[in-house]
Amino acid sequence: MEELRSRLGYLRGLADGLNVGESTAEGKVIRQIIAVLDDMIGSLEALKEDYEELFSYVESIDEDLTELEDSFMQDDDEEDDEDDEDDDNYYEEDDYEPDQGEEDICFTVECPECRYEVTIDEDILEDEESLEVLCPKCGRVVFVNDEEWEDELSEALDDDEDEEEDEEEEKKK
């Protein structure tokens, strides 16, 4: 900015030395151009000061956010260890990691709200307590582990078996 200020000072001195004044039309234009340039330099200096202040502020926010993220991640890891035993009232697909070597039985349920397919595993079905499975996308209940699901599952399995028998009979014919 100092270089611009010095160049404007040189231009102003040059105009004064050449007796460019308000008496001619060209002189009036040159004097107004010099005044506009002076205002522009003042605006640029104010913008530069604001930028430097804002840059410093954003850096401090970034440092604070980094500290919060680190603290949150540490707290979250500690809570995950404690909550593993307490989270029997809902299931999220992303949290499930099956044991290798074991084949798990599971099925999917489509969320009526967002149409996301939620996978439900055998462990949820065998639990004695009534559990709700929530859609990880929208949070809507997509499955309730109660006695009604057993009736619906039995009906679905019976329908599948009947269809397979019908297909086998058609193949024999």
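Please enumerate the residues belonging to region 106-129 that are assigned to a loop (DSSP other than H, G, I, E, B) and at pLDDT 70 or above. If the condition is that a residue be assigned to a loop (DSSP other than H, G, I, E, B) and at pLDDT 70 or above, then CYS111, PRO112, GLU113, CYS114, ARG115, TYR116 are the ones that fit. Out of ASP87, ASP77, one residue alone is part of a helix (DSSP H, G or I), farther than 29 Å from GLU3 by Cα and at pLDDT below 90. It is ASP77.
For region 8-23, filtering for residues that are in contact with a helix residue (DSSP H, G or I) (Cβ under 7 Å, 6 or more places away or on another chain) and not in a helix (DSSP H, G or I) leaves 3. Considering the conditions (1) modelled with pLDDT of 75 or more; (2) in a helix (DSSP H, G or I); (3) under 17 Å from VAL133 (Cα atoms), ASP94 is excluded by exactly one of them, (1).
The values are calculated or read from the model by the stated rules, or taken from the named source; none is laboratory data. Fair warning: this is a prediction, and the values are worked out from it, not measured in the lab. Positions of Cβ are generated from backbone atoms using ideal geometry, with glycine treated the same way; all protein chains shown enter the neighbour counts.
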